[in-house]
Amino acid sequence: MVDDPNVLAAFDESLNKASFWGIRNEAASILGTSKTYTALEMLMLAYGTEKDSRVRRTIMSSIGNIKVNSTEHINTDWLYGWIKQYLAKEQSYYAIAEGITTISKILKKNEIYDAVTPFLSYDSHGEIIRRTIMTALDSTNDERSLQVFMEYAEKGSLSRLRNAAINGLNNFLSDPAVIEYLNKKVLDKPRSTQYTILNLLEKAKDPSSKPYLEQLLEKTNDERFKTRIKEVLEKL
């Protein structure tokens, strides 16, 4: 339905001419369900002139969706080059983060690390950019990501960033050094970090974690937390 030329033209008009940002945003979202180069081109042209960062964020997401689902050939290198060009000028943290997500969707797994790690130098509200990078790297299984995860698990300025980095270690649970780090780290608060680590230790099932979890169990009076620790202990 959306790929009908008349329908595409109607949404393109809304995307470019509607005065209310919400209408433009909805048009961008619907165009993202298309599988055609025509819709992709409409979105790319609109991105360059759109003033509202919320709409640009949706446009970027839709561009990625079309590339992934398109029934027509869309050159990945060309599209990636376009995204890099616009992200270099983008002022919105959230639009940049969406661009990083889009990059991770369209590139091969072994290309993502080099594409997204340059953005680690970007400061942003709520660390949205670095958190998005952690998620992108988590999808790659790239061994180079381990150093990034370990670094931001410690130096991340917010617990949400540190937790995202720690969660990225799930691809490296066969590394004894990672298990040793998690065993020691699980004793540190905040609770959200401890829950993140418990999930990883449950997956790893490494017997070396047992004394650390037993120590953690003794230190807490939180019954819900105790239950979760016991669940993990039972699986070691």
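Points worth noting:
- Of all residues assigned to region 179-188, none qualifies as being under 14 Å from the mean Cα position of the chain (by Cα) and either surrounded by fewer than 18 Cβ atoms within 10 Å (Cβ to Cβ) or not in a helix (DSSP H, G or I) (or both).
- Residue among THR193, THR220 that alone is among the polar types (S, T, N, Q), closer than 30 Å to SER124 by Cα and either surrounded by fewer than 21 Cβ atoms within 10 Å (Cβ to Cβ) or in contact with a strand residue (DSSP E or B) (Cβ under 9 Å, 6 or more places away or on another chain) (or both): THR193
- Residue pairs meeting the criteria (Cβ under 6 Å; at least 6 apart or on separate chains; first acidic (Asp, Glu), in region 170-186; second exposed (fewer than 15 other Cβ atoms within 10 Å of the Cβ) and not in a loop (DSSP other than H, G, I, E, B)): none
- Across region 152-177, the number of residues qualifying as surrounded by fewer than 21 Cβ atoms within 10 Å (Cβ to Cβ), in a helix (DSSP H, G or I) and touching a Leu at 6+ places or on another chain (Cβ under 7 Å) comes to 2.
- Residue in region 77-100 that is without any contact (Cβ under 8 Å) to a residue 12 or more places away in the chain and under 26 Å from VAL7 (Cα atoms) present: no
- Qualifying residue in region 130-148 (condition: over 17 Å from the mean Cα position of the chain (by Cα), farther than 30 Å from LEU107 by Cα and surrounded by fewer than 17 Cβ atoms within 10 Å (Cβ to Cβ)): no
- Condition met for SER174 (among the polar types (S, T, N, Q) and at pLDDT below 95): no
- Restricting region 106-129 to residues that are surrounded by fewer than 19 Cβ atoms within 10 Å (Cβ to Cβ) and among the charged types (D, E, K, R), the residue that is farthest from TYR80 (Cα to Cα): ASP123
The values are calculated or read from the model by the stated rules, or taken from the named source; none is laboratory data. Nothing here was measured: the structure is a model prediction, and the numbers come from that model. Neighbour counts are summed over all protein chains in view; Cβ atoms, including those assigned to glycine, are modelled from backbone coordinates with ideal geometry.
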